[in-house]
Structure formats: C-alpha cells, structure tokens
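K.L.:
Structure below; questions to follow.
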Amino acid sequence: MAKTVAERSSEDDIQRQELTELYRLMVLIRRFEETVYQKFHEAKIGGYLHRYDGQEALVAGIIPQLQLPGDYILCTYRDHAHALACGTSPGAVMAELMGRATGCAGGKGGSMHLIDPENGFLGGDGIVGGPVPVSLGVGYAIKYRGTKNVCVCYFGDGAMNQGGVHEAFNMVGLYKLPVLYILENNQFAMGTSVSRSTAQPDFVKKAEAHGIRGERVDGMDLLVVREAASRALDHIRTTGEPYFLELNCYRYVGHGIGDDNTKGWQTYRTEDEVAEWKLRDPIAKLRDTMEARGYLTPEQAEKIDEEVREEVHAAIVFAESSPEPALDSLYDHVYS
Ligand SMILES: Cc1ncc(C[n+]2csc(CCOP(=O)(O)OP(=O)(O)O)c2C)c(N)n1
C-alpha cells in the first residue's frame, strides 16, 4: 500500500534527525583531531597520537547503529573517533590525551589506549593487528552467553599481513562467531602503500578464504557505509556468523604526529593524490546530500560547526583543569 503524506513526512523527519546527528558526529571528530594536533604542538599532550581525518564515515556509519551497552567495539591506536562515537565524552578523551585523572583510562593510557567498557568500547590497541585475536575471545564470549550481540573489530590494511590476524580469522570462521570486521583501508601502513606490501590486494578474498563473508565498500560515503553495516549487522544477528567489510578511504594527514605532511617531506605520496581524495571528503559529501534533500541549510551547517567548536573548547578547559593521577595510584589496575 502506498504511504500517506503524513507517513512520508514523519520518515523524512527521522532521516533528517538521524543524518543531522551523524553529520554532527563527523564534524566533532574532524574538529577534535585538528585541535589535538594543535595541543600536541603546544606541548599540552605528550607521547604520540594518530588522527582520523578523512576516515570519519567509518565510525559514524557504523557505531551509532550498535546496541550499547551490549555490543562491543575493538580498534587500533587510531582510536579517538571510535571513543567519541561510542559516547565517551570529548572531555574524558581530551583528558586522557593530556594524562589527567579524569581521562577515560584514568590518565594512564594516553592516545593509543582509550577505553570505555560501560559504553561497550573495549579499547584501542598499540599492536598492529592486536584487536583481531582479541575479537576471537569477545566473539566466543558472546556466543557462549547466547545473546544476539555483536563485536565490531576495526583494524588497518597493514594488519592484513599479520600472521595472528589470519589465525584468528580462521577460528572465527570455523566457530562462526558474531564478529563484524572493519578493514580501515586508508591505503597506507605508515609510509608503505598497499600495492608495495600486499601480493593479493583483494582483501575480501582473504576473509572469504577463512569462511567469512565479505564486501568491499566506499568508505568516503557515509550513506554507503551505513547501508553496508546495516546489512552486515542484520546478517550477523540473524545467523550468528561473522562478516567482513573492507572500507576504502584515505588518511589525509601523516601516519602519526611524527609524520607531518605539512612540512613537505612525505616521500610516499604526492600532494596531488591527497588533494584528489579530498575532493571526495565524507563530511562535504554528506552536507551536499543533506542540502539537496532539504535536510540542512548552510546556516544550520555553520551553527553545528560553531557548537562543535565550543564543545571541543569545553573539553580542553575540562582536561586542563583536571588533576594528574595521584602518585599512589601508580600500581592500580596493573593486576586485576
Ligand atoms: C606488531 C607491530 N608491528 C609494528 C608496529 C609499528 N607500527 C605502528 S602503526 C604501523 C602501520 C600500520 O598500518 P595499518 O595497519 O594500515 O593501520 P593505519 O595506521 O593505516 O591505520 C606500524 C607498522 C606495531 N605497532 N605493532
């Protein structure tokens, strides 16, 4: 039966609200990453950090669809966006980067080890490929408990050449565990492109070789990512079987804070290549789509940007005014 005008307009409202939230999340991630770069260079953040600029659709298109708490998320050291998408407050993420007691890991994890179990976020991992064997355990636990939950495990293209990753894939495929693998194919592992490191660049074939159904998807388009993730999550929740999505995207900035392409000494890619990928920017693309559908005006987009800047500023104020961890808490959480 054809939908009534009222039904169509209420569906439109839901779409508008949902997409506005996802747009806001992507803008928050972008502004957050730009700000931490600046704060690192002001020596307010120590250690190291990896930014997610250009890859925002990979978290905004997937994590908001999860049932949190209940489902679980694992990811790599490039983890600020994942924490923000899980609902960890920007203040708790910023405080963690600044090593403050109010940080989501008590100020002792830093950029690569954000964690927020109450929101299902089991953390970032400094070991390339490290989250994948962990997903085997999480997937096994979900199956053992008999719930319909899912573990979403993010990792990079460089990790696809790690032995432990394939051992874990094999067992997840064999035991049919409810894990959604998200390959963040940003084209590089540090300065090494996929074409220079990988004999078989069709990563979906590699997942299928382990009995895991897979698809390659455009990671620069939020709507495409969202649809693919919805399909994959439905499949996992109904069959209990794993699924693999290769999301093609591009890392706009250097690998980490020490690989600064603004200085012009990156030798592994050209400025033209970066500029070409930026023409497909996921935030601009979503904004254009929303404007074309009448969901967003340029003034509303500007307002969202202002609100997000204020939110990030408030996160800095919160972090900078928070205490450092107490000395006598040094050995807390070493053993559990
Ligand atoms: C087991 C291990 N080997 C090497 C490193 C050093 N390392 C850190 S990041 C990185 C590149 C990983 O690239 P990729 O998996 O594509 O993820 P991306 O950084 O592009 O998100 C390497 C080699 C490490 N952290 N762990």
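The values are calculated or read from the model by the stated rules, or taken from the named source; none is laboratory data. Everything numeric here is computed off the predicted structure, so don't read it as measured data. Cβ placement follows ideal geometry from the backbone for every residue including glycine, while neighbour counts extend to all protein chains displayed.
K.L.:
Tell me, which helices (runs of 4 or more DSSP H) lie completely within the stretch 242-336 with 2 or more residues that are in contact (Cβ under 8 Å) with a residue 60 or more places away in the chain and surrounded by fewer than 17 Cβ atoms within 10 Å (Cβ to Cβ)?
P.N.:
Working: elements: 271-278, 282-292, 298-320.
Correct list: 298-320.
K.L.:
Among the listed residues ALA141, ALA92, ALA81, identify the single one that is touching a strand residue (DSSP E or B) at 6+ places or on another chain (Cβ under 9 Å), at pLDDT 95 or above and more than 19 Å from LEU177 (Cβ to Cβ). Before you say what the answer is, go through the steps one by one.
P.N.:
Numbers: ALA141 fails: more than 19 Å from LEU177 (Cβ to Cβ); ALA81 fails: touching a strand residue (DSSP E or B) at 6+ places or on another chain (Cβ under 9 Å).
The unique qualifying residue is ALA92.
K.L.:
Does GLU215 fit the bill of being among the charged types (D, E, K, R), more than 14 Å from the ligand (Cβ to nearest atom), closer than 27 Å to ARG51 by Cα and part of a helix (DSSP H, G or I)? Walk me through how you get there before you give the answer.
P.N.:
Details: among the charged types (D, E, K, R): yes; more than 14 Å from the ligand (Cβ to nearest atom): yes; closer than 27 Å to ARG51 by Cα: yes; part of a helix (DSSP H, G or I): no.
In short, no.
K.L.:
Right, here's the next one. Mind checking which residues of the stretch 71-86 are more than 15 Å from the ligand (Cβ to nearest atom) and of a type in the set (D, E, K, R)?
P.N.:
We begin by selecting, within the stretch 71-86, every residue more than 15 Å from the ligand (Cβ to nearest atom); these are 71-73, 83-86.
Within the stretch 71-86, ASP71 is the sole residue that qualifies.
K.L.:
Please find, within the stretch 154-180, the residue that is farthest from ALA57 (Cα to Cα) out of those that are in contact with a Cys (Cβ under 8 Å, 6 or more places away or on another chain) and within 13 Å of the ligand (Cβ to nearest atom).
P.N.:
If we take residues in the stretch 154-180 being in contact with a Cys (Cβ under 8 Å, 6 or more places away or on another chain) and within 13 Å of the ligand (Cβ to nearest atom), then PHE155 is farthest from ALA57 (Cα to Cα).
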